[in-house]
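Written out below as structure tokens is the structure these notes cover.
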Amino acid sequence: MIQLHIESKKKPAIYRKLLLPKNSSFSMLDEMILLSFDLDGSDYFNFEMVKKDGRVSKEKICFLPKNDADFDTDEELVDEWLRKSGDEAIAHVIDNSESFTIRFESNEELPMNTETPICIAGAGNIHTGKMDKINLEEINELIREDEEANSLLENLEPDYLTLLELTNDLKKLKPWQYLRDDEVVVIHFADIDYKVLVSVMGAGGEEFGLMIFDIENGYDSLAKIFFEKNISSDFSYSLNALTVNFVDREELDPADYLLIKDCGLSYRGKKNWIQFRSYQEGTHPERPNYLEVELLIDVVSRMINITEARKDGWEYPQVAAHQYPTFKVQMDGELQEIYILQINIPKPTYECYEEISMFEKAQYKKKPKSALQLEYDVFYMPFGVETELTNRTVYPIVGMLVERGSNLVIGHEMFPMPKTPPIAQSILWAYLQSLEVRPSKIFVSKEVKPMLQPLAKIVGVELVESELPGIREVREFMKAMPMGLIEE
């Protein structure tokens with residue numbers, strides 16, 4: 001076992017001591033930090049090496065959580081990076097101000113189950129900031145349950161037959177005749193206090209089905225669809241949602257057709273064939289897994305009830321932006337009288353995620369300022385990349401720097417990771433350091449400008465919001481290029 005001391009960077013220093021099995025991945029460490037500090041399960045970390053083999057390290061590890069896709073870094077082994085007592089890494093919660101120092105303490109030879117991590121000590125509540133005593137048994141029970149659940153779910157087959165039969169019943173009701181796509185309803189499962197938003201597609205007569213958004217992880221996607229005028233061209237690659245689609249036979253993938261046939265079912269006519277998709281940011285949409293199918297069964301069943309209520313006279317209420325009628329599912333399965341849910345949208349705040357030393361800042365300021373004007377953006381490539389470590393196809397991101405006017409590409413790098421503020425800043429700062437001069441202006445998209453502003457303020461760069469005509473032209477050219485040439 002390897003012993004780690006994990007401590008919050010805020011004061012007071014709330015900490016946990018964990019024992020992890022040897023050959024544990026950073027993906028496992030990610031889960032253990034979330035469980036031991038009682039953090040939101042939707043969060044995940046960037047890991048940055050601070051000290052390796054007793055020496056200061058500039059090397060960074062960036063990875064996605066276990067349920068998402070990556071090429072290799074999520075399966076990097078902790079004990080291959082943290083090897084000597086005192087070796088350290090920093091764990092930054094993505095899109096959050098929370099950070100933790102991880103310090104390797106020792107290797108432990110213990111007569112115990114070496115497959116299961118455990119928490120052996122700790123103090124403090126990360127939510128209150130108070131140095132309360134912690135319940136070790138409660139934390140370790142969560143860890144054991146998580147390990148057992150992961151093992152069980154890997155061997156369970158999704159109940160597609162039940163889902164297909166229920167979805168066919170919903171199709172017969174034609175819910176798009178009673179609800180528009182912007183008449184979004186919320187289904188609140190009271191027993192687990194879980195809420196999803198559901199939009200019915202089809203009132204426009206083109207695409208038919210449902211879009212289902214998790215409140216915590218998917219609402220940003222829904223809000224962009226309904227409330228933003230200028231959505232980025234690669235928006236679909238950052239979508240988080242589940243979909244139920246009624247399509248023509250020729251629109252089905254062969255695997256979808258075989259699934260329907262294997263369940264002993266068949267459909268006739270236009271827009272009658274059923275297809276399910278799971279969208280996760282940065283990856284190709286795939287068929288839903290076991291847990292997603294269970295959720296879809298519950299959602300489709302409730303949408304049958306809601307459509308029938310609409311047919312019987314229920315009126316969609318007048319609501320303000322970000323307000324939605326909510327159907328509460330009681331523990332006995334009955335729908336409770338609806339209430340209006342208000343979703344508050346906090347203005348996102350960003351910080352400088354790059355640790356820029358005074359020396360680095362001074363070195364950059366010494367560069368001569370020029371009339372050079374650049375365009376910079378971070379975007380998803382429109383093609384997928386297969387990897388052995390995930391069953392989902394990854395859409396890599398590209399960070400691109402172009403000279404404005406000439407459209408000369410100064411730099412472009414491709415990365416197998418999601419588009420996040422730390423990544424956007426990291427790529428730009430690397431480009432700025434590589435230039436011989438300081439540009440007078442950098443034109444950026446509306447989406448990334450607020451992400452980059454903290455970095456720009458520190459290093460003294462002027463950012464200008466733009467449609468980025470130069471990068472747009474280069475992107476169109478890249479779409480027609482062979483993938484191998486792009487990678488070179």
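The values are calculated or read from the model by the stated rules, or taken from the named source; none is laboratory data. Please read these numbers as outputs of a predicted model, since none were measured by experiment. When we count neighbours, we look across all protein chains shown, and the Cβ atoms used for this are built from the backbone with ideal geometry, even at glycine.
Among strands (runs of 3 or more DSSP E) entirely within the stretch 399-475, having at least 2 residues that are more than 30 Å from VAL385 (Cα to Cα) and touching a Lys or Arg at 6+ places or on another chain (Cβ under 7 Å) singles out 463-465. The residue of the stretch 184-231 that is nearest to ALA309 (Cα to Cα), among those that are assigned to a loop (DSSP other than H, G, I, E, B) and among the aliphatic types (A, V, I, L, M), is VAL184. In the set VAL385, VAL378, only one residue is modelled with pLDDT under 85 and hydrophobic (A, V, I, L, M, F, W, C); that residue is VAL385. Please verify whether the stretch 343-357 includes one or more residues that are modelled with pLDDT under 95, touching a Leu at 6+ places or on another chain (Cβ under 9 Å) and over 30 Å from ARG404 (Cβ atoms). Yes, that holds for at least one residue. Scanning the stretch 8-41 for residues that are closer than 14 Å to GLY129 by Cβ and buried (at least 20 other Cβ atoms within 10 Å of the Cβ) turns up ILE14, TYR15, PHE37. Scanning the stretch 6-24 for residues that are in a strand (DSSP E or B) and either over 17 Å from ASN107 (Cβ atoms) or touching a Ser or Thr at 6+ places or on another chain (Cβ under 8 Å) (or both) returns ILE6, GLU7, SER8, TYR15, ARG16, LEU18.
Restricted to the stretch 83-127, the set of strands (runs of 3 or more DSSP E) holding at least 1 residues that are exposed (fewer than 12 other Cβ atoms within 10 Å of the Cβ), at pLDDT 80 or above and of a type outside the set (Gly, Ala, Ser) is empty. Residues in the stretch 293-337 that are surrounded by 11 or more Cβ atoms within 10 Å (Cβ to Cβ), touching a residue at least 40 places away in the same chain (Cβ under 8 Å) and either aromatic (Phe, Trp, Tyr) or closer than 18 Å to ALA190 by Cα (or both): 20 in all. In the stretch 39-50, the count of residues that are over 19 Å from GLY124 (Cβ atoms), among the charged types (D, E, K, R) and modelled with pLDDT under 75 is zero. Given VAL448, VAL461, VAL444, which one is buried (at least 21 other Cβ atoms within 10 Å of the Cβ), in contact with a Pro (Cβ under 9 Å, 6 or more places away or on another chain) and in contact (Cβ under 8 Å) with a residue 60 or more places away in the chain? On inspection, the qualifying residue turns out to be VAL448.
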